[in-house]
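Novice: Please read through the structure below; I'll follow up with questions.
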Amino acid sequence: MPRLWQSRLPPIGIFVLTAAAAGTLHVHEISRLQIYLWVYIATWILLAVFTLPMLVARAIPFTYSEVFREAWMAMMTAFATETVLVVLLMVAQKTKELLSKRDLKSESADSAIDILVPTAYSFPSVGILVGIRFILFASWFIGAPLIVAEYPPYA
């Protein structure tokens, strides 16, 4: 728990960077950014609010609402930073809390959490797809959209 404060700092930095970028945009550029933002938000809501918590709830002995309630802050932080790295400690802590609530906590469960949660960082994530999608958006935004033949180098 002493290192949990470190995982709460990235959203503040993201806010500062976003505020600086917003201050340098022209009005006509903002309307073009809306396309990317709406698609990004819709995809995030579909995956984070419905699909992923339901899949997790089906695989473990917890309900959808328990999983969603405990994962909310980690999901918001991962959404803001687009990386799993900053929320690994938070996910491990919330997982241990869920196990404690159901009296499923044990030394072997804690050990498994400490080992398995950090391995999530090495697996491909939705953030990679978002990065690829951003390349396509950025090329469209500057007026030089990529053609399908140019996609493979970015995959």
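Here, each number is a calculation from the coordinates, and none is a lab measurement. Computed from a predicted structure; not experimentally measured. All Cβ positions, even for glycine, are placed from backbone atoms using ideal geometry, and neighbour counts span all protein chains on display.
Novice: With springs connecting C-alpha atoms under 10 Å apart, model the chain as a Gaussian network and identify which of Val86, Val67, Val27 has the largest mean-square fluctuation.
Specialist: Among Val86, Val67, Val27, the largest mean-square fluctuation in the Gaussian network model of the chain belongs to Val27.
Novice: Any chance you could give the angle, 0 to 90 degrees and rounded to 10, that helix 107-119 forms with the longest Cα principal axis of the chain?
Specialist: For helix 107-119, the angle is close to 10 degrees.
Novice: Can you tell me, using C-alpha contacts under 8 Å and at least 6 residues apart, the relative contact order of segment 4-123 as a whole percent?
Specialist: Contact order relative to length: 28 percent.
Novice: Something else about it: What whole-number value in cubic angstrom gives the convex hull volume per residue for the C-alpha atoms of the chain?
Specialist: 135 Å³
Novice: Give, rounded to the nearest 20 debye, the magnitude of the charge dipole that the chain has about its Cα centre when Lys and Arg contribute +1 at Cβ and Asp and Glu contribute -1 at Cβ.
Specialist: 220 debye
Novice: Let me ask another. Positive end of the dipole of the chain, charges at C-beta (+1 Lys, Arg; -1 Asp, Glu), about the Cα centre: which of Ile60, Phe141, Ile113 has its Cα farthest in that direction?
Specialist: Farthest towards the positive end: Ile60.
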